[in-house]
Amino acid sequence: MDFYYVYTLQSGIAPKAFYVGFTDDLRSRLKIHNSGQVPHTVKSRPWRIKTAVAFTDRQRAIAFERYLKSASGRVFARKRL
């Protein structure tokens, strides 16, 4: 069974900085963020995984990621994740 992950990263140098993403390989994706290959996250390295939610349905995972990146989703993430 394949899993798709929606994850929240927290910066090690700026603890109030968070990043939300989607992947099917969580460990590899974290390495990519911490190696500086993602322009949006390069300045706040190192990152650690704060939350990861696994989905078996790719479309639901993508929809949840979009929600977390919305204004109401950011409020939800701050309170619940």
What accessible surface, in Å², does a 1.4 Å probe find on Ile62, ignoring ligands, DNA and RNA and rounding to the nearest 10?
30 Å²
For Ser28, what accessible area in Å² do you get when you roll a 1.4 Å probe over the heavy atoms of the protein chains, rounding to the nearest 10?
50 Å²
Accessible surface, 1.4 Å probe, highest first, among residues Lys31, Lys50, Lys69, Lys43:
Lys43, Lys31, Lys69, Lys50
Put a dot 7 Å past each Cα toward the Cβ at Ser72 and Ala17; how far apart are the dots in nm?
3.0 nm
Going residue by residue through region 51-62, the Karplus relation 6.51 cos²θ - 1.76 cosθ + 1.60 with θ = phi - 60° gives ³J(HN,Hα) values, rounded to whole Hz and with x marking Gly or Pro, of 9, 9, 10, 9, 10, 8, 9, 4, 5, 5, 5, 4
At 1.4 Å probe size, what's the solvent-accessible area of Leu68? Round to the nearest 10 Å².
10 Å²
Do you know the relative contact order of region 8-60, to the nearest whole percent, from alpha carbon pairs under 8 angstrom that are 6+ apart?
44 percent
Tell me, what % of the accessible area of the chain is carbon and sulfur with a 1.4 angstrom probe?
52 percent
Excluding ligands, DNA and RNA, what is the solvent-accessible area per residue of the chain at a probe of 1.4 Å, expressed in Å²?
68 Å²
Note down the net charge around Val6, summing +1 for each Lys or Arg and -1 for each Asp or Glu among other residues with Cβ under 14 Å from its Cβ.
+4
Residue order for Tyr67, Tyr4 - accessible surface, 1.4 angstrom probe, largest first:
Tyr67, Tyr4
Once the dipole of the chain is set up with Lys and Arg at +1 and Asp and Glu at -1 on Cβ about the Cα centre, which of Leu9, Leu30, Ile62 lies farthest towards its positive end?
Leu9
Looking at the chain from every direction and averaging, what is the projected area of its Cα convex hull in nm²?
5.1 nm²
Counting only residues 5 or more apart in sequence or on a different chain, those whose built amide H sits under 5 Å from that of Lys50 are Thr8, Leu9, Gln10
Using the crude model of +1 on Lys and Arg Cβ and -1 on Asp and Glu Cβ, and no other charge, please compute the dipole size for the chain relative to its Cα centre, in debye to 20.
440 debye
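The values are calculated or read from the model by the stated rules, or taken from the named source; none is laboratory data. Since we're looking at a predicted model, the values are computed, not measured. Here Cβ is always computed from backbone atoms with ideal geometry, including for glycine, and neighbour counts include all displayed protein chains. The area values use the complete protein model at the heavy-atom level, side chains included, leaving out ligands, DNA and RNA. Shrake-Rupley method; radii C 1.70, N 1.55, O 1.52, S 1.80 Å.
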